[in-house]
1. Using a Gaussian network model of chain A whose springs link C-alpha atoms within less than 10 Å, name the residue from A:GLY81, A:GLY37, A:GLY113 with the highest mean-square fluctuation.
2. Enter the angle in degrees (range 0 to 90, nearest 10) between the Cα long axis of helix A:122-186 and the first principal axis of the Cα atoms of chain A, meaning the one along which they spread out most.
3. Cut-off under 20 Å on the C-alpha distance; same-chain residues fewer than 8 positions from A:LYS79 excluded. Which lysines are left, in chain and number order?
4. List every residue whose amide H lies under 5 Å from the amide H of B:ASN172, counting only residues 5 or more places away in sequence or on a different chain, with H placed 1.01 Å from N in the peptide plane.
5. Checking the a/c ratio against 1.5 first, then a/b against b/c, what shape does the Cα gyration tensor give for segment B:65-166?
6. Give me the lysines in straight-line cross-link reach of B:LYS151: C-alpha distance below 24 Å, same-chain residues under 8 apart excluded.
7. Taking a label point 7 Å from the Cα of A:GLU65 along the Cα→Cβ vector, which residues of segment B:100-128 have an amide N closer than 19 Å to it?
8. To the nearest 10 degrees, how steep is helix A:31-79 against the longest Cα principal axis of chain A, on a 0 to 90 scale?
Amino acid sequence: MSSEGGADPNPVLPKAQFIEDVGEYLKGRSADDAIAGLNEHYRRYKLEESRLLQRRVYNLSKLPEVKKTLDIVNLLIQKEGGDSEVTVDFELADNVFAKATFQDVHTVNLWLGAGVMVEYPLLEAKGVLEGSLTNCKANLETIKQDLEKIKDYITITEVSIARIYNHDVERRRLEGGSSSRENAGQE
Amino acid sequence: MNAEVSKPNRSSRQCSPTCTGGARAALLPLGEVDLTGSPFVVGAMFGQQGGATTPAQVQVAWEDQSNINRFNKLNNEWHELQARVQRQERLTEDLEDASNELMLVDDDEVRFAMSDCLFVRLPQDEVEVKLQEEAERVKKDYESTKEEVEKIGAEMAMLKTRLYEKFGNAINLEEEV
């Protein structure tokens, strides 16, 4: 589902290049063209960033769900073998609760998604849930690394655009300065 | 500690590809790039005073770029952690409230919310232990988050000094409020 830690967030994504010397970089092309090209990269980085952010939100919302389920399974394990009854109120529909009593439970059904529910012995269920918890955390970690890389790309591109822009303004200022003096002289 | 709350320095001389309102920006309209979401804007210093160094004359080295990148990432993280601190503060309060309420309850049996749609009836003392454990855990998390926030704040302040030293008014590292 996710890319490896060291790899680029997205292989087709161009890597952001740091510009050592703006004057050198602009040789053979206009500032407008250079900025337009960087803009195109910038848009793609932003797109990738929002894609990663979405996945992050999804995993972040999954995390507490799995934790809560694990809590419940842990409670069942704690009560397993005991002779006391446990009574729960569970939601049937919005704001409608029903009462259930259970004693000495050994298995639990886990909803795996896609219309599949599997009955597990309690300890096995715990294992499954702990596995998906670790998975979820690992996903979040990879997403974080990918996001950091893409953020660097975005920052580099922003700085590059600003530098080219400033370089161009400076050039025009120098040119404009001399030409306006010429004009003044002619008039 | 907070490196980010200081008011942005809105010098009229500062201009960036985003401030399209400025007369200078009209030189090269760049409506497409929106840098306002970024915590910093590399702006330009356009001189009324003729002798000032213009940003194009300040060389940006890779080291500076890395510092800017680092600052940007730290700024992001700082905001995330700050949000987490607030969540944990709220949670601590809620847990305290729950403990206080619990003391007032006469019943031996308490309904304990395990999830949004499941309440387990548990003996009062068991719930008390659960609440205490949870409070303990949140407190630990809270402290480590706080520590992290401070560490990041310190590094940001350091990067800020270094970057302002080099670029002066040509860079804006303040929060857009």
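Laboratory data are not the source of any read-out in this text; all were calculated from the coordinates shown. If you're wondering where the values come from, they're calculated on a predicted model, not measured in any experiment. Cβ: placed from backbone, ideal geometry, glycine included. Neighbour counts: every protein chain shown.
1. A:GLY113
2. Value to nearest ten degrees: 10.
3. Reachable lysines: A:LYS67, A:LYS68, A:LYS99, A:LYS126, B:LYS130.
4. B:VAL41, B:VAL42, B:GLY43
5. prolate
6. A:LYS137, A:LYS144, A:LYS149, A:LYS151, B:LYS7, B:LYS73, B:LYS139, B:LYS140, B:LYS160, B:LYS166
7. Residues B:114-119 qualify, since their backbone N sits under 19 Å from the label point.
8. 10 degrees
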